[in-house]
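Below: one structure, written as structure tokens.
The values are calculated or read from the model by the stated rules, or taken from the named source; none is laboratory data. What you are looking at is a predicted structure, and each value in this text was computed from that prediction instead of being measured. In this analysis, Cβ positions are derived from the backbone assuming ideal geometry, glycine residues included, and neighbour counts consider all displayed protein chains. Calculation scope for accessible area: heavy atoms of the full protein, side chains included, ligands and nucleic acids excluded. Shrake-Rupley method; radii C 1.70, N 1.55, O 1.52, S 1.80 Å.
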Amino acid sequence: MSLFIGLMSGTSLDGIDAALVDITSEAPPRLLATHGEPIPPQLRDLLWRLCHAERIDFAELARAEADFSRLQARAVEALLEARDIPATEISAIGSHGQTVEHAPAGHDGGPAYTLQLDNPSLLAELTGCCVVADFRRRDLAAGGQAAPLAPAFHQALFRVPDEWRVILNLGGFANLTLLPPETSPHAPLGFDTGPANALLDAWHARHRGGPFDANGAWAASGCVDEALLERFLEEAFFHQPPPRSTGRELFNLDWLEARLSGNERPQDVQATLAELTAISIAMGIEMARERLEAPAVGRLIPCGGGAHNPDLLSRLARRLPDTPLEDSANLGWPADWLEAGAFAWLAWRRLERLPGNLPSVTGAAGPRILGGIYAP
């Protein structure tokens with residue numbers, strides 16, 4: 001076996017996902033074990049402030065980075081202890097870090113940038129493992145969006161000879177990968193479609209408390225406000241051709257509130273946000289199909305936290321009546337662990353000196369080897 005660990009913390013800031021993966025060039029990656037390490041409320045609040053700060057205090061940034069890296073080390077240790085595996089057997093840890101800001105087009109004429117809070121040197125010191133980190137900026141340097149990076153992993157796991165498939169990640173933001181059949185001359189296409197859980201969670205927290213709308217029950221209790229949905233869909237991002245990526249820098253509570261008339265019921269806003277997620281995904285799939293001249297999609301494979309939201313999945317099914325939804329676990333990989341697995345796989349690609357990006361997805365000038373290596 002060749003063992004790698006992938007670490008991922010998304011925009012929800014709820015925890016660090018750690019995935020132990022067996023990766024070789026002879027067979028598809030195999031998920032062996034997982035661990036979820038919750039982010040303590042104090043650190044979560046600090047990370048939230050940093051993600052929304054106009055100015056950053058360097059000491060506060062350093063504290064957040066150190067605490068986050070120590071939490072990552074705890075996740076690694078828990079994963080290894082559960083399987084009784086020594087750190088010396090791990091080829092590398094792939095650490096995504098915590099995105100603080102993502103601006104692939106820059107701001108006000110400034111340079112493009114993407115910032116992931118991480119301290120791979122500290123993580124290597126604490127775990128005794130080789131760490132691969134800073135995956136995104138190499139693609140950005142080559143003119144790409146630096147996101148999404150998971151489509152290359154989706155291709156390794158889910159591409160088949162005779163079926164068009166869409167892999168849909170429903171995290172804080174939604175992104176899709178359209179996988180052509182292996183017999184097709186087309187390369188995969190992937191991009192962000194818009195908000196998924198980020199706005200739903202933020203609106204729910206404001207009005208009901210708690211980190212998320214469990215099972216989409218609150219959204220299901222409301223009614224879609226068609227006029228509000230139209231105002232949402234006027235946002236230029238939804239009509240922008242790929243490559244494209246987005247984040248909290250655009251879609252946040254300020255963006256939402258600017259489009260409210262002020263007399264909406266909160267549960268109707270929640271329902272409308274859920275519908276926005278579904279319709280923007282459907283629009284994205286149609287955009288991807290047109291770009292690749294693809295026939296009907298054989299199946300849609302949801303993953304990420306939103307894959308457990310029955311209200312959101314039912315809205316998707318209504319918007320995509322001819323596309324069956326498939327549980328990724330039926331295809332060998334549980335929905336919750338796809339992104340962490342992707343960064344284990346990207347660490348393997350880095351050690352093998354193989355490209356980790358897909359230029360057809362990010363818009364980079366060509367394939368690039370992603371990530372820096374931090375020895376133990």
Within the range 137-168, of all residues that are open to solvent by less than 30 Å² (accessible area, probe 1.4 Å) and charged (D, E, K, R), the one nearest to the chain's Cα centre (by Cα) is Asp139
query: If you check Leu313 against the conditions, is it closer than 17 Å to Asn197 by Cβ, of a type in the set (A, V, I, L, M, F, W, C) and within 22 Å of the chain's Cα centre (by Cα)?
result: yes
Expected single match for closer than 30 Å to Ala27 by Cβ and among the hydroxyl-bearing types (Ser, Thr, Tyr) among Thr246, Thr272, Thr277, Thr323 is Thr323
Restricting attention to the range 1-14, the residues that are open to solvent by less than 10 Å² (accessible area, probe 1.4 Å) and modelled with pLDDT under 95 number exactly 2
If you go through Ala103, Ala87, the only one that is over 26 Å from Pro148 (Cβ atoms) and either modelled with pLDDT of 95 or more or surrounded by fewer than 21 Cβ atoms within 10 Å (Cβ to Cβ) (or both) is Ala87
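Every residue, every condition in (1) out of contact with any helix residue (DSSP H, G or I) (no Cβ under 9 Å at 6 or more places or on another chain); (2) of a type in the set (Lys, Arg); (3) outside any strand (DSSP E or B); (4) at positive phi, yes or no:
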residue	(1), (2), (3), (4)
Arg49	no, yes, yes, no
Ala78	yes, no, yes, no
Ile93	no, no, no, no
Gly106	yes, no, yes, yes
Pro111	yes, no, yes, no
(request) Evaluate the range 330-343: report whether one residue or more is touching a Phe, Trp or Tyr at 6+ places or on another chain (Cβ under 6 Å), buried (at least 20 other Cβ atoms within 10 Å of the Cβ) and part of a helix (DSSP H, G or I). (result) yes
Going through the range 259-308 in order, the residues found to be open to solvent by 40 Å² or more (accessible area, probe 1.4 Å), free of Cβ contacts under 8 Å to residues at least 60 places away in the same chain and small (Gly, Ala, Ser) are Ser261, Gly262
Of the listed residues (Ala66, Ala27), the one being outside any strand (DSSP E or B), surrounded by fewer than 20 Cβ atoms within 10 Å (Cβ to Cβ) and at pLDDT 95 or above is Ala66
The residue from Leu250, Leu312 that alone is touching a residue at least 12 places away in the same chain (Cβ under 8 Å), among the aliphatic types (A, V, I, L, M) and in a helix (DSSP H, G or I) is Leu312
Quick count over the range 219-255, residues being more than 20 Å from Asn309 (Cβ to Cβ), open to solvent by 50 Å² or more (accessible area, probe 1.4 Å) and out of contact with any Asp or Glu (no Cβ under 7 Å at 6 or more places or on another chain), is 12
